[in-house]
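The values are calculated or read from the model by the stated rules, or taken from the named source; none is laboratory data. Here the structure is a predicted model, which means the values were calculated and not measured. Cβ: placed from backbone, ideal geometry, glycine included. Neighbour counts: every protein chain shown. Please note that ligands, DNA and RNA were not included when accessible areas were found on the heavy atoms of the full protein model with its side chains. Shrake-Rupley method; radii C 1.70, N 1.55, O 1.52, S 1.80 Å.
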Amino acid sequence: MTSPTWPPPSARQLSGALKRNIESLEARRALETRQMSLEERIAEAITTFAGSMRFVYLHMAIYGCWIVINGGFIPGMPRFDPTFVTLAMIASVEAIFLSTFVLISQNRMAAIAAKRADLDLQISLLAEHELTRVAEMVAAIAGHLDANPLRPSELEEIKRDVEPEAVLDAIDARQKDGENQ
């Protein structure tokens, strides 16, 4: 797979604005990590460990030994859970707690993702607004020079601000129409 630019630029070649944005995002992530509550930190640590291969290996060793001992595969070793009821209960309780920790971590990640989506939307709306103003200025310059390459209807459409509420209403209406068919 090749990069869109070949050879790829080095980190030193990034623009100052891009470097500043990267640093800002890193600082924001560090701040969000510092602001996590103790419960969130514990849930994050448990979820991180539960999602690792060390967790898998630990469980393979513990459950494997439990099964080998209670399966009677080691002569002279007394069985302490011959029906595996205790093992099943432990695994069930562990699954309940692990799923809760995973949900806590997912809720925190979803809140962060929602904030970032809001930021993306705000920046997109600002960019659209600014581009509309630039289009108006270019149209004024073109009109002053009697050089208008666009049809008037196209120019008027470009110069109109996008209203997010109207766009959301149109999306909702299309989705409702699709559900009703």
Ranking 42, 63, 89 by how far each Cα lies towards the positive end of the charge dipole of the chain (+1 on Lys and Arg Cβ, -1 on Asp and Glu Cβ), the top one is 63
Just to confirm the number: angle between the C-alpha axis of helix 85-144 and the first principal axis of the chain, 0 to 90 degrees, nearest 10?
10
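Could you calculate the FRET efficiency of residue 171 with residue 103 from 1/(1 + (r/R0)^6), where r is the beta carbon distance between them and R0 is 30 Å, rounded to 0.05? Each step should come with its number before you reach the end.
On the way: r = 29 Å, r/R0 = 0.97.
FRET efficiency, residue 171 to residue 103: 0.55.
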Compare 17, 27, 91 in a GNM of the chain, Cα atoms joined below 10 Å, and give the one with the largest fluctuation.
17
Residues of the stretch 33-68 with backbone nitrogen within less than 16 Å of a virtual label 7 Å along the Cα-to-Cβ line of residue 94, please, listed as ranges.
46-68
Report the Cα-based extents of the chain along its three principal axes, largest first, to the nearest Å.
101, 54, 39
Per-residue ellipticity at 222 nm for the chain, helices alone: DSSP H runs ≥ 4 residues times -39500 (n - 2.57), over residue total, nearest 500 deg cm²/dmol?
-26000 deg cm²/dmol
Cα gyration tensor shape for the stretch 96-181, rounded if a/c is under 1.5, else prolate or oblate:
oblate
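Ignoring ligands, DNA and RNA, how do 161, 146, 120 rank by accessible area with a 1.4 Å probe, largest first? Numbers along the way, then the final one.
Numbers: 161 65, 146 140, 120 95 Å².
Greatest to least solvent exposure: 146, 120, 161.
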Assign unit charges at the C-beta atoms only (+1 for Lys and Arg, -1 for Asp and Glu), then state the dipole size of the chain relative to its Cα centre in Debye, rounded to the nearest 20.
1120
Compute the angle between helix 16-34 and the longest alpha-carbon principal axis of the chain, please, reported from 0 to 90 degrees and rounded to the nearest 10.
40
Which lysines have a Cα less than 29 Å from the Cα of residue 115, not counting those fewer than 8 places away in the same chain?
19, 176
In the stretch 78-151, the trypsin sites (Lys or Arg not before Pro) that sit in a DSSP loop and have at most 16 other Cβ atoms within 10 Å of their own Cβ are 79
How far, in degrees from 0 to 90, does helix 38-50 lean away from the longest principal axis of the Cα atoms of the chain, to the nearest 10?
70
Cβ-derived FRET efficiency at R0 30 Å, residue 24 paired with residue 157, nearest 0.05
0.30
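Tell me the relative contact order for the chain as a rounded percent, counting alpha carbon contacts under 8 Å between residues six or more apart.
Working: 50 pairs, mean separation 29.6, N = 181.
Taking the mean separation of contacting Cα pairs over the length of the chain, I get 16 percent.
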Pairwise FRET efficiency - residue 39 versus residue 87, Cβ, R0 = 22 Å, nearest 0.05
0.15
